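Below is one structure, written out as C-alpha coordinates, with a few remarks after it.
The values are calculated or read from the model by the stated rules, or taken from the named source; none is laboratory data. Just so you know, these numbers come straight off a predicted model, no measurement behind them. Here Cβ is always computed from backbone atoms with ideal geometry, including for glycine, and neighbour counts include all displayed protein chains.
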Amino acid sequence: MLSTASKIVSREELSRRCEELRKAGKTIVTCNGSFDLFHYGHLCFLEEAKAQADVLIVGLNSDSSIKQYKSPLRPIIGQDQRAALLSALSIVSYVHIFDETVPMPFLEVVRPNVHVNGSEYGEDCIEAPTVKKYGGRIHLMPKVAGLSTTGLIERIRNLPL
(Lines give C-alpha, C1' and ligand atoms only; values in the text may rest on other atoms or scores of the structure.)
Protein backbone atom coordinates (compact mmCIF):
# COMPACT_ATOMS: atom_id res chain seq x y z
CA MET A 1 0.00 0.00 0.00
CA LEU A 2 1.20 3.50 -0.83
CA SER A 3 1.93 5.93 1.96
CA THR A 4 -0.08 9.10 1.67
CA ALA A 5 3.00 11.18 0.81
CA SER A 6 3.79 8.97 -2.18
CA LYS A 7 0.27 9.53 -3.51
CA ILE A 8 0.91 13.27 -3.95
CA VAL A 9 2.73 13.49 -7.27
CA SER A 10 4.35 16.12 -9.47
CA ARG A 11 3.26 16.50 -13.08
CA GLU A 12 6.35 14.65 -14.28
CA GLU A 13 5.73 11.77 -11.86
CA LEU A 14 2.04 11.76 -12.78
CA SER A 15 2.92 11.36 -16.45
CA ARG A 16 5.21 8.43 -15.71
CA ARG A 17 2.70 6.67 -13.47
CA CYS A 18 -0.17 7.14 -15.93
CA GLU A 19 1.91 5.58 -18.69
CA GLU A 20 2.62 2.59 -16.43
CA LEU A 21 -1.08 2.28 -15.56
CA ARG A 22 -2.12 2.35 -19.23
CA LYS A 23 0.51 -0.29 -20.10
CA ALA A 24 -0.89 -2.46 -17.28
CA GLY A 25 -4.38 -2.16 -18.80
CA LYS A 26 -5.81 -0.11 -15.94
CA THR A 27 -8.63 2.35 -16.54
CA ILE A 28 -8.14 5.83 -15.14
CA VAL A 29 -10.77 8.22 -13.82
CA THR A 30 -10.07 11.83 -12.92
CA CYS A 31 -11.87 14.58 -11.10
CA ASN A 32 -10.67 17.95 -9.96
CA GLY A 33 -11.51 20.75 -7.59
CA SER A 34 -10.44 22.68 -4.54
CA PHE A 35 -11.88 20.29 -1.93
CA ASP A 36 -11.76 23.08 0.65
CA LEU A 37 -13.49 22.29 3.96
CA PHE A 38 -13.84 18.63 3.00
CA HIS A 39 -17.42 17.42 3.58
CA TYR A 40 -19.83 14.54 2.89
CA GLY A 41 -20.65 15.86 -0.60
CA HIS A 42 -16.97 15.63 -1.50
CA LEU A 43 -16.81 12.05 -0.23
CA CYS A 44 -19.86 11.03 -2.27
CA PHE A 45 -18.35 12.68 -5.34
CA LEU A 46 -15.04 10.84 -4.92
CA GLU A 47 -16.76 7.49 -4.30
CA GLU A 48 -18.84 7.93 -7.47
CA ALA A 49 -15.69 8.83 -9.38
CA LYS A 50 -13.78 5.77 -8.12
CA ALA A 51 -16.68 3.52 -9.17
CA GLN A 52 -16.04 4.53 -12.81
CA ALA A 53 -12.55 3.02 -13.24
CA ASP A 54 -9.66 1.15 -11.63
CA VAL A 55 -7.61 4.16 -10.59
CA LEU A 56 -8.80 7.54 -9.27
CA ILE A 57 -6.53 10.54 -9.81
CA VAL A 58 -7.60 13.81 -8.19
CA GLY A 59 -6.47 17.13 -9.62
CA LEU A 60 -6.31 19.59 -6.73
CA ASN A 61 -6.37 23.33 -7.31
CA SER A 62 -3.42 24.98 -5.61
CA ASP A 63 -3.89 27.83 -3.14
CA SER A 64 -2.84 30.35 -5.78
CA SER A 65 -5.29 29.03 -8.39
CA ILE A 66 -8.17 29.13 -5.90
CA LYS A 67 -7.33 32.72 -4.99
CA GLN A 68 -7.50 33.57 -8.71
CA TYR A 69 -10.78 31.87 -9.58
CA LYS A 70 -12.74 31.93 -6.30
CA SER A 71 -11.62 34.66 -3.94
CA PRO A 72 -8.48 36.17 -2.41
CA LEU A 73 -9.91 34.98 0.94
CA ARG A 74 -9.89 31.31 -0.09
CA PRO A 75 -8.95 28.57 0.42
CA ILE A 76 -9.73 28.07 4.07
CA ILE A 77 -7.48 25.00 4.26
CA GLY A 78 -4.04 25.10 2.61
CA GLN A 79 -3.13 22.91 -0.35
CA ASP A 80 -0.71 20.66 1.54
CA GLN A 81 -3.33 19.78 4.15
CA ARG A 82 -6.06 19.33 1.50
CA ALA A 83 -3.74 17.05 -0.51
CA ALA A 84 -2.86 15.02 2.60
CA LEU A 85 -6.55 14.58 3.44
CA LEU A 86 -7.40 13.39 -0.06
CA SER A 87 -4.39 11.08 -0.26
CA ALA A 88 -5.37 9.46 3.05
CA LEU A 89 -8.55 8.12 1.41
CA SER A 90 -8.14 4.55 0.18
CA ILE A 91 -10.26 5.28 -2.92
CA VAL A 92 -7.80 7.94 -4.10
CA SER A 93 -4.79 6.57 -5.97
CA TYR A 94 -2.97 9.84 -6.66
CA VAL A 95 -3.32 13.56 -6.01
CA HIS A 96 -1.78 16.19 -8.25
CA ILE A 97 -1.75 19.84 -7.17
CA PHE A 98 -1.99 22.20 -10.14
CA ASP A 99 -1.51 25.97 -10.33
CA GLU A 100 -3.64 26.65 -13.39
CA THR A 101 -7.21 27.92 -12.89
CA VAL A 102 -8.44 25.27 -15.34
CA PRO A 103 -7.71 21.52 -15.27
CA MET A 104 -6.94 20.94 -18.95
CA PRO A 105 -3.12 20.79 -18.57
CA PHE A 106 -3.60 18.17 -15.82
CA LEU A 107 -6.00 16.22 -18.07
CA GLU A 108 -3.57 16.42 -21.02
CA VAL A 109 -1.02 14.52 -18.92
CA VAL A 110 -3.42 11.94 -17.48
CA ARG A 111 -5.58 11.33 -20.60
CA PRO A 112 -8.31 9.70 -18.47
CA ASN A 113 -10.76 7.08 -19.64
CA VAL A 114 -13.41 8.93 -17.60
CA HIS A 115 -13.57 12.40 -16.10
CA VAL A 116 -16.18 13.02 -13.40
CA ASN A 117 -17.71 16.43 -13.02
CA GLY A 118 -20.66 17.96 -11.25
CA SER A 119 -23.89 17.79 -13.24
CA GLU A 120 -24.24 21.57 -12.95
CA TYR A 121 -21.40 21.86 -15.51
CA GLY A 122 -23.11 19.63 -18.08
CA GLU A 123 -21.80 17.37 -20.84
CA ASP A 124 -20.22 20.37 -22.59
CA CYS A 125 -18.07 21.30 -19.59
CA ILE A 126 -14.69 22.94 -20.25
CA GLU A 127 -12.92 19.61 -19.66
CA ALA A 128 -14.93 17.70 -22.31
CA PRO A 129 -12.85 18.52 -25.43
CA THR A 130 -9.59 17.51 -23.72
CA VAL A 131 -11.03 14.29 -22.28
CA LYS A 132 -12.77 13.29 -25.54
CA LYS A 133 -9.64 14.06 -27.61
CA TYR A 134 -8.04 10.98 -26.01
CA GLY A 135 -11.14 8.78 -26.26
CA GLY A 136 -12.40 9.43 -22.73
CA ARG A 137 -15.90 10.21 -21.59
CA ILE A 138 -17.51 12.64 -19.15
CA HIS A 139 -19.51 11.24 -16.23
CA LEU A 140 -21.80 13.71 -14.47
CA MET A 141 -22.61 13.52 -10.77
CA PRO A 142 -25.37 15.56 -9.09
CA LYS A 143 -24.41 17.59 -6.04
CA VAL A 144 -25.50 16.34 -2.64
CA ALA A 145 -28.32 18.74 -1.77
CA GLY A 146 -27.40 21.44 0.70
CA LEU A 147 -23.67 20.71 0.72
CA SER A 148 -21.14 23.07 -0.79
CA THR A 149 -18.11 24.67 0.78
CA THR A 150 -19.45 28.14 -0.01
CA GLY A 151 -22.79 27.23 1.59
CA LEU A 152 -21.07 25.82 4.67
CA ILE A 153 -18.99 28.97 5.07
CA GLU A 154 -22.16 31.06 4.88
CA ARG A 155 -23.91 28.87 7.47
CA ILE A 156 -20.93 29.18 9.82
CA ARG A 157 -20.87 32.96 9.38
CA ASN A 158 -24.55 33.12 10.35
CA LEU A 159 -24.18 31.10 13.55
CA PRO A 160 -24.83 33.10 16.70
CA LEU A 161 -21.76 33.45 18.90
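Scanning region 1-36 for residues that are of a type in the set (S, T, N, Q) and free of Cβ contacts under 8 Å to residues at least 60 places away in the same chain yields a total of 2.
Each residue in region 44-82 was checked for being free of Cβ contacts under 8 Å to residues at least 24 places away in the same chain and either part of a strand (DSSP E or B) or not polar (S, T, N, Q) (or both), and 7 of them qualify. Looking at (1) farther than 25 Å from residue 16 by Cβ; (2) surrounded by 14 or more Cβ atoms within 10 Å (Cβ to Cβ); (3) of a type in the set (Gly, Ala, Ser); (4) modelled with pLDDT of 95 or more, can you tell me which one residue 78 breaks? Among (1) farther than 25 Å from residue 16 by Cβ; (2) surrounded by 14 or more Cβ atoms within 10 Å (Cβ to Cβ); (3) of a type in the set (Gly, Ala, Ser); (4) modelled with pLDDT of 95 or more, residue 78 violates only (2). Tell me, please, whether a residue that is at pLDDT below 95, part of a loop (DSSP other than H, G, I, E, B), loosely packed, with under 15 Cβ neighbours inside 10 Å and not basic (Lys, Arg) can be found in region 3-15. Checked region 3-15: at least one residue is at pLDDT below 95, part of a loop (DSSP other than H, G, I, E, B), loosely packed, with under 15 Cβ neighbours inside 10 Å and not basic (Lys, Arg).
Determine, yes or no, whether residue 97 is in contact (Cβ under 8 Å) with a residue 60 or more places away in the chain and part of a loop (DSSP other than H, G, I, E, B).
no
Among the residues making up region 81-126, those that are of a type outside the set (A, V, I, L, M, F, W, C), more than 14 Å from the chain's Cα centre (by Cα) and surrounded by fewer than 16 Cβ atoms within 10 Å (Cβ to Cβ) are 81, 90, 108, 119, 120, 121, 122, 123, 124. Quick one: in region 130-161, of everything that is closer than 16 Å to residue 113 by Cβ and not aliphatic (A, V, I, L, M), which residue is surrounded by the fewest Cβ atoms within 10 Å (Cβ to Cβ)? Here the residue is 135. Within region 16-42, the set of residues being aliphatic (A, V, I, L, M) and not in a strand (DSSP E or B) comprises 21, 24, 37.
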